[in-house]
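The next block holds one structure in the form of structure tokens; read it before the comments.
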Amino acid sequence: TVFSARIVAYNMKADALFAKGRYNDAYNYYYVAQRLAVESKDSCSLRTYTYSLAMTLYRQARYQQSAMRFQEAYSQSAPCPEDFNLFYFKQEVLDNVGLCYNALGKYDSAMIFYRKALEFINSRDGKFDKLPGVYESARAVVYGNMAEVYMHTGQFDSAEKLYEYSIAVNLQKGYTNSDAIVGQVKLAELYFKTGDMARTKDLLQAIEAEFDTIP
């Protein structure tokens with residue numbers, strides 16, 4: 001319909017602006033798309049536009065508002081028939097709320113949502129016809145985010161163990177390699193904070209060597 005085409009057009013314009021880093025302009029177009037989607041009363045479609053608003057707010061460092069929008073997107077997905085894509089959407093949104101609270105320094109709240117993300121992943125493990133690594137990789141991303149909370153709160157042993165697990169999982173071929181590299185950089189930061197310069201150097205050299213094989 002013409003109405004649906006308008007929503008898609010506003011969303012595509014917003015995507016283009018987002019890609020250029022013009023987050024204020026992107027937000028305005030995403031907002032119009034989301035409002036039109038509200039009028040269409042299609043919550044399964046609406047969740048994607050609300051998610052885009054949340055991502056834009058996050059890029060603008062408006063973390064409290066971003067957290068609220070991510071939670072709104074999660075609620076809007078509730079009545080939708082759950083397939084693998086919706087499962088992945090839900091676990092990502094819960095993890096993203098945790099990232100927002102982490103950025104705000106609200107570490108207890110961040111951990112609550114990271115645990116919710118893990119519980120959700122575990123409750124669906126093996127439900128969809130996907131390789132087991134998909135679930136393991138998603139868990140490893142969340143564990144890496146939890147490690148950052150432990151690092152911020154001075155629980156360095158716990159942080160190190162979770163970083164090591166997350167990195168070991170996602171460095172495997174076909175897993176989320178980019179997340180593993182981010183985890184390695186944060187682990188190097190942890191070694192540096194604790195004065196372990198030898199392991200800091202070794203890990204940074206390992207990261208550099210990976211640039212030849214990991215984009």
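At a Förster distance of 22 Å, what's the computed FRET efficiency of Lys20 paired with Gln60, Cβ-Cβ distance as r, to 0.05? List each step's numbers first, then the result.
On the way: r = 14 Å, r/R0 = 0.65.
Efficiency, rounded to the nearest 0.05: 0.95.
Classify the range 1-106: rounded, prolate or oblate, from the alpha-carbon gyration tensor (a ≥ b ≥ c, eigenvalue square roots; a/c under 1.5 rounded; otherwise prolate if a/b is larger than b/c)? It comes out oblate by the Cα gyration axes. Please report the spacing between the Cα centers of the range 160-198 and the range 81-149 in Å, no decimals. Each part reduced to its Cα centre gives a spacing of 18 Å. Ordered by 1.4 Å accessible area with all protein chains kept, Asp196, Asp125, Asp95 run largest first as Asp125, Asp196, Asp95.
Quick one: divide the alpha-carbon radius of gyration of the range 164-215 by 2.2 N^0.38 Å and tell me what you get. Show your work: numbers first, answer last.
On the way: Rg = 10.9 Å, N = 52, 2.2 N^0.38 = 9.9 Å.
Dividing the Cα Rg of the range 164-215 by 2.2 N^0.38 Å gives 1.10.
Taken per residue, the accessible surface of the range 72-141 reaches 47 Å², heavy atoms only and a 1.4 Å probe.
What Kirkwood Rh does the chain have if only Cα atoms enter the pairwise 1/r average? Answer in Å.
18.6
The residues neighbouring Leu17, those whose beta-carbon lies less than 14 Å from its own, together hold a net charge of +2 under the Lys/Arg +1, Asp/Glu -1 convention.
Working ranking of peptides 151-160, 44-53, 137-146, 114-123 by packing, defined as the average number of other Cβ atoms within 10 Å per residue, highest first, is 137-146, 44-53, 114-123, 151-160.
Dipole magnitude for the chain: about 760 debye, using +1 per Lys or Arg Cβ and -1 per Asp or Glu Cβ, origin at the Cα centre. Ordering Ser158, Leu104, Thr48 by Cα displacement along the dipole of the chain toward the positive end leaves Thr48 in first place; charges were set at the Cβ atoms of Lys, Arg (+1) and Asp, Glu (-1).
For the chain, the relative contact order works out to 10 percent when only alpha carbon pairs closer than 8 Å and six or more residues apart are counted. Relative to the longest principal axis of the Cα atoms of the chain, the long axis of helix 63-76 makes an angle of roughly 60 degrees. Between helix 177-193 and the chain there is an angle of about 50 degrees, using the helix long axis and the longest principal axis of the Cα atoms. Relative to the longest principal axis of the Cα atoms of the chain, the long axis of helix 84-103 makes an angle of roughly 70 degrees. Using a simple spin-label model with pseudo-atoms 7 Å out from Cα toward Cβ, Asp157 and Ser178 lie 3.6 nm apart. Remark: spin-label model distance Val38-Glu119 equals 3.0 nm, labels positioned 7 Å along the Cα→Cβ axis.
Roll a 1.4 angstrom probe over the protein heavy atoms and tell me the percent of accessible area of the range 99-161 that is carbon or sulfur. Within the range 99-161, the accessible surface is 48 percent carbon and sulfur.
Bridgeable lysines around Lys127 (alpha carbons under 17 Å apart, same-chain partners fewer than 8 residues away excluded): Lys90. Isolated cysteines in the chain, defined as those with no second cysteine Cβ under 4.7 Å, comprise Cys100.
Does the range 39-100 come out rounded, prolate or oblate, given a ≥ b ≥ c as the square roots of the eigenvalues of its C-alpha gyration tensor, rounded meaning a/c under 1.5 and, failing that, prolate meaning a/b above b/c?
On the way: a/c = 2.46, a/b = 1.46, b/c = 1.69.
Judged from the Cα gyration tensor, the range 39-100 comes out oblate (a/c at least 1.5, b/c at or above a/b).
The values are calculated or read from the model by the stated rules, or taken from the named source; none is laboratory data. Treat the numbers as computed from the prediction; the structure is a model and nothing was measured. Quick reminder, even Gly has a Cβ in these numbers, built from the backbone with ideal geometry, and neighbours come from all protein chains shown. Surface accessibility is based on the protein's heavy atoms, side chains included, excluding ligands, DNA and RNA. Shrake-Rupley method; radii C 1.70, N 1.55, O 1.52, S 1.80 Å.
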